[in-house]
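Take a look at the structure set out below.
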Number of protein chains: 2
Amino acid sequence: MPFRFQIEARDGAARAGRLFTPHGEVQTPVFMPVGTVATVKGVPQDVLEELGVEILLNNTYHLYLRPGVEAIRGLGGVQKFMAWDRPILTDSGGFQVFSLSDLRKVTEEGVAFRSHLDGSSHFFSPESAVAAQIGLGADIIMAFDECTEHPAEYARTKSSMEMTLRWAARSKKYFDEHRNEVVWFKQDTPAPAKGGLGRGTPAPVPGQTQTLFGIVQGGMFPDLRRESAERTVELDFPGYAIGGLSVGEPRPMTYEMVNAAIRFLPENKPRYLMGVGTPEEIVHYVAGGIDMMDCVLPTRAARHGLLFTSEGRLTIKNARFATDEGPLDPNCGCKVCTRYSRAYLRHLYAANELLAQTLNTIHNLAYYLDTMRRVRQAIILGDLASFLSGVQPPHVSLP
Amino acid sequence: MPFRFQIEARDGAARAGRLFTPHGEVQTPVFMPVGTVATVKGVPQDVLEELGVEILLNNTYHLYLRPGVEAIRGLGGVQKFMAWDRPILTDSGGFQVFSLSDLRKVTEEGVAFRSHLDGSSHFFSPESAVAAQIGLGADIIMAFDECTEHPAEYARTKSSMEMTLRWAARSKKYFDEHRNEVVWFKQDTPAPAKGGLGRGTPAPVPGQTQTLFGIVQGGMFPDLRRESAERTVELDFPGYAIGGLSVGEPRPMTYEMVNAAIRFLPENKPRYLMGVGTPEEIVHYVAGGIDMMDCVLPTRAARHGLLFTSEGRLTIKNARFATDEGPLDPNCGCKVCTRYSRAYLRHLYAANELLAQTLNTIHNLAYYLDTMRRVRQAIILGDLASFLSGVQPPHVSLP
């Protein structure tokens, strides 16, 4: 099937829907775990499937550097490479290269940057960033944008936003000219039978290709967020992301900027808020009309022993857990909570054992995914207000 | 059921049998993965079950230091602590404390040693090492022995062997007086219903307790190996281990020492060769009459990217695997070989990703366990000679 977004239920501004992609369907609202270099750190792919993960995010910058775009293209694209036959989204690399503040130089043409791995020189333009994403072969790919630094003055933010708009047009033009070059693209011919490993990527339906989303910028200025949204929509993408947030601003400002942009995004297309947030926040962004989110928080926090539970946050290294025979979260049905005690998880973390990182990550992902399933169900039942009343407001300070 | 060993088939010196323990049956010959601090590094317990692991080894020294014997006893014993309801064997701590060559002092009474974690002072005697193992609560526990250093002169080896015999008698005496103190022991009363986590230890049958094995020493002298075996057998243990090998001696010498001891061990009791070996070696030790083995090799090698396959050893970081779409081992049915390519596993290792260690370990364990299942089947079919003809001799040099 070609890319399609179908809304199945609404409750206020919130929507429950379904994304159709060449590698399968995704129920929205959706939280996408981050698999930076084609792995969610410490979690095997079959466990991600068991958790109900329907779409993963991979980072173009990291895969471009290692193992390289041509290597992955040569291996059949990133789904086949990582033996994950469900949808994948890649970011444009923009956020990562802008994070390399000492190693990059931005011009109208693009961004020159040095690898954080070996210092080697590279250049991303809208064209080359999209080309890299075509080579990687994710189902959903992103226009190349400038993530404006924070804080930034109005004039600087506006000119950065203008450049992102020009880059969005260049990204789209390049994509439209090369959209049939993804390794798994097949036009009007039966898909060939696949050999090799049993769990390889299923042959996609002929004629399918990738989908390019645009990204709204505009820093911390509501009128620029509006202008960026309206002018990105004029370029006509099948989906829109809100980028440039979670860059150090206070959380109420993040929320304000999302609100400033979202009302100017079309009702019938998916809206993706990049790089957020806590479990409380993602629920409130869904209530505001966001369909897709990604964040390193559940996975990174897990590796540092910070766990999200129905009873609040928990730092597993705390000595009081050393004799605690209970599960991490008594209300969680994940394979960690139904088998292991807090005392054992505390021991693994204190002993710096690999298994601590794996089990903690599995639980945190289960908590995020379960939260998303529950909010989706609340939307379908028209019960979102009562669901939200049981959730902390999104502006709580973080631990 | 009380501890029992039943031989079901013989082929030459080799035996296929079954160990019955309070936490379940173990088919022999068996390879026991090493779970040093109550975790096989990087592998969740449900995956160990899927692999068919029937018994794990835990290290008393490590668990004694962290989280501590009383902590584990208070949590119901090591099976319940680590949510593993199958049998566990603990070593005596002897090998680890003797490895701390700069941090220990040996007297007739026992070994004073300093923790490798924090330098704190501790003392293991035969009595306290057995007491620690009763506290931990494994199904099979080991007498406290002196692992003679290598190389050692005859006189030194003999006096060390004599002390191990005296320590074996003290270990047995202490165990006989305290054998009913294991936390899961129940005498002639119905086992209580268990609350708590779903995958906790099942209540053992009333009247069951732990089993203590003796350990043969004798360094690299065949006559001392024989004497140690005969005099340990006089002490009458339900099972016998051969210790003090894999301490730096050449492999043919290991093999010679095993042969020197094994013929003086009783036919009807299990024989456990400690701390060996490669896949080729374990098969040949089985052929010589060994029933149980443990080794860190498959798990430690995996974490360093050295993989055992039906086509030989493979160093996954090798650049030639970067474009290799094939499975790690085309003849292996494990969850790694049926899903992931060498190219992906090479990428994970090169990128220093956690998942590399997990997947590599799962495969190496699968290879060892599958090897043991195949040799067991060959014994049952009376086909061991033809099976061995397809295996490299055990004296091959290691990579």
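The values are calculated or read from the model by the stated rules, or taken from the named source; none is laboratory data. Everything numeric in this text was worked out from a predicted model, so none of it was measured. FYI the Cβ positions are ideal-geometry reconstructions off the backbone, even for glycines, and counts take in every protein chain you see.
Here is a yes/no grid of residues against (1) closer than 20 Å to residue A:244 by Cβ; (2) within 21 Å of the chain's Cα centre (by Cα):
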site	(1), (2)
A:78	no, yes
A:82	no, yes
A:95	yes, yes
A:122	no, no
A:129	yes, yes
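Pairing each residue of the range A:96-123 that is in contact (Cβ under 8 Å) with a residue 60 or more places away in the chain and assigned to a helix (DSSP H, G or I) with any residue that is among the hydrophobic types (A, V, I, L, M, F, W, C) and surrounded by fewer than 14 Cβ atoms within 10 Å (Cβ to Cβ), provided the two are 6+ apart or on different chains, yields no C-beta distance under 9 Å. If you go through the range A:62-90 and keep only what is surrounded by 24 or more Cβ atoms within 10 Å (Cβ to Cβ) and at positive phi, you end up with just A:77. Might you let me know whether the range A:110-128 holds any residue that is basic (Lys, Arg) and at pLDDT below 95? Yes.
Within the group B:127, B:153, which residue is without any contact (Cβ under 8 Å) to a residue 60 or more places away in the chain and crowded, with 18+ Cβ neighbours inside 10 Å?
The match here is B:127.
Does residue B:348 count as touching a strand residue (DSSP E or B) at 6+ places or on another chain (Cβ under 6 Å) and either surrounded by fewer than 24 Cβ atoms within 10 Å (Cβ to Cβ) or not hydroxyl-bearing (Ser, Thr, Tyr) (or both)? Criteria not met by residue B:348. Of all residues in the range B:73-84, those being within 9 Å of another protein chain (Cβ to nearest Cβ) and hydrophobic (A, V, I, L, M, F, W, C) number 4. For the range A:325-354, a residue qualifies if it is within 10 Å of another protein chain (Cβ to nearest Cβ), assigned to a helix (DSSP H, G or I) and in contact with a Lys or Arg (Cβ under 7 Å, 6 or more places away or on another chain), and the qualifying residues are A:346, A:350, A:354. Filtering the range B:239-281 to residues that are out of contact with any helix residue (DSSP H, G or I) (no Cβ under 7 Å at 6 or more places or on another chain) and β-branched (Val, Ile, Thr) leaves B:247, B:254, B:262. Condition first: surrounded by fewer than 17 Cβ atoms within 10 Å (Cβ to Cβ), among the charged types (D, E, K, R), more than 10 Å from every other protein chain (Cβ to nearest Cβ) and closer than 30 Å to residue A:334 by Cβ. Can you find one or more residues in the range B:97-108 that meet it? No, that holds for no residue.
Considering only the range B:289-305, I want to know if a residue exists there that is over 21 Å from the mean Cα position of the chain (by Cα) and part of a loop (DSSP other than H, G, I, E, B).
Yes - at least one qualifying residue is present in the range B:289-305.
Step by step: first the residues of the range A:50-67, then only those that are within 14 Å of chain B (Cβ to nearest Cβ) and more than 30 Å from residue A:380 (Cβ to Cβ), then the one that is nearest to the chain's Cα centre (by Cα). Which residue is that?
Residue satisfying both the conditions and the ranking: A:59.
With a requirement of 2 or more residues that are farther than 18 Å from residue B:354 by Cβ, the strands (runs of 3 or more DSSP E) lying completely within the range A:1-78 that satisfy it span A:4-11, A:14-21, A:24-28, A:30-32.
Among the residues of the range B:298-341, write down those that are crowded, with 18+ Cβ neighbours inside 10 Å and either modelled with pLDDT under 95 or of a type in the set (Val, Ile, Thr) (or both). Within the range B:298-341, B:299, B:309, B:316, B:336 meet the criteria. Looking only at the range B:373-386, how many residues end up being more than 18 Å from residue B:309 (Cβ to Cβ) and surrounded by fewer than 22 Cβ atoms within 10 Å (Cβ to Cβ)? Final tally of qualifying residues: 7. Going by the conditions given, is residue B:311 farther than 30 Å from residue B:233 by Cβ, among the acidic types (Asp, Glu), more than 24 Å from the chain's Cα centre (by Cα) and more than 14 Å from chain A (Cβ to nearest Cβ)? Criteria met by residue B:311.
Consider the range A:219-270 and keep the residues that are charged (D, E, K, R) and in a loop (DSSP other than H, G, I, E, B). The one that is farthest from residue A:26 (Cα to Cα) is A:249.
The residues of the range B:9-49 that are at the interface with chain A (Cβ under 10 Å from one of its Cβ atoms) and either buried (at least 23 other Cβ atoms within 10 Å of the Cβ) or farther than 23 Å from residue B:290 by Cα (or both), listed by number, are B:35, B:37, B:38, B:39, B:40, B:41, B:42, B:43, B:44, B:45, B:46, B:47. Just one of the listed residues (A:131, A:138, A:143) is of a type in the set (A, V, I, L, M), within 21 Å of residue A:216 (Cα to Cα) and out of contact with any strand residue (DSSP E or B) (no Cβ under 6 Å at 6 or more places or on another chain), namely A:131. Residue A:370 falls short on exactly one of the conditions (1) without any contact (Cβ under 8 Å) to a residue 40 or more places away in the chain; (2) assigned to a helix (DSSP H, G or I); (3) surrounded by 22 or more Cβ atoms within 10 Å (Cβ to Cβ), and that condition is (3).
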